[in-house]
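Here the structure comes first, spelled out in structure tokens, and everything after it is commentary.
The values are calculated or read from the model by the stated rules, or taken from the named source; none is laboratory data. Everything quoted here is computed from the prediction, not taken from an experiment. Cβ coordinates were reconstructed from backbone atoms using ideal geometry, including for glycine residues, and neighbour counts include every protein chain displayed.
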């Protein structure tokens, strides 16, 4: 038994030594980038949760808002994440020459905004239907809350997504390593703030 354990340990050491010799410096840098942004992501998620708790009294005013919340948070990350991926691919492939930048960003931002508004409307309708079905409460205002929050979050997230991706690339970082957790964190915070503002307005 001890002999097998020693053999396994020696094989593990050999593999680690082999990896250590062949892992390029770029890989270590990418690891550092990912580790740092994941730490920021976790911290931002906690901040978004704490912000949500502070406004529970506002949230409780409209039944079904907690049905809307998970989908709304996920939608923001998914839509802005896809937008960031398109920008990152265009940057890596060198497709954003000066004369093409305006057309690319205009089409990308317009598609992101339209998709965000339509998805917000759909989520509002689903939340309204679920509230009516499960709780027998007629709350059409939840649709308006979803639309207002969707528009607000779009206005904030679209420029933050595009400009940060371009800035990271210009500084020599890989947006693919950073933008995913960044979008998740910033999207959660902005989504919660947008929902709270929408609740106050409605």
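Pairs are defined by a Cβ separation below 7 Å, a sequence spacing of at least 6 or placement on different chains, a first member in the stretch 46-68 that is within 13 Å of residue 146 (Cα to Cα), and a second member that is surrounded by 15 or more Cβ atoms within 10 Å (Cβ to Cβ) and modelled with pLDDT under 75; the pairs so defined are 65/59.
Which residues, counting only those in the stretch 131-155, are at pLDDT below 90 and surrounded by fewer than 19 Cβ atoms within 10 Å (Cβ to Cβ)? Within the stretch 131-155, 132, 133, 134, 135, 136, 137, 138, 139, 140, 141 qualify.
In the set (1) surrounded by 18 or more Cβ atoms within 10 Å (Cβ to Cβ); (2) not in a helix (DSSP H, G or I), the condition left unmet by residue 84 is number (2).
Scanning the stretch 112-126 for residues that are over 21 Å from the mean Cα position of the chain (by Cα) and crowded, with 16+ Cβ neighbours inside 10 Å returns a single hit, 126. Checking 177, 109 one by one, the residue that is touching a helix residue (DSSP H, G or I) at 6+ places or on another chain (Cβ under 9 Å) and either buried (at least 18 other Cβ atoms within 10 Å of the Cβ) or without any contact (Cβ under 8 Å) to a residue 12 or more places away in the chain (or both) is 177 and no other.
Conditions tested, residue by residue: (1) more than 21 Å from residue 51 (Cβ to Cβ); (2) assigned to a helix (DSSP H, G or I); (3) in contact (Cβ under 8 Å) with a residue 40 or more places away in the chain; (4) touching a strand residue (DSSP E or B) at 6+ places or on another chain (Cβ under 7 Å).
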residue: 120; (1), (2), (3), (4): no, yes, yes, no
residue: 128; (1), (2), (3), (4): yes, yes, yes, no
residue: 153; (1), (2), (3), (4): no, yes, yes, no
residue: 172; (1), (2), (3), (4): yes, no, no, no
residue: 187; (1), (2), (3), (4): no, yes, yes, no
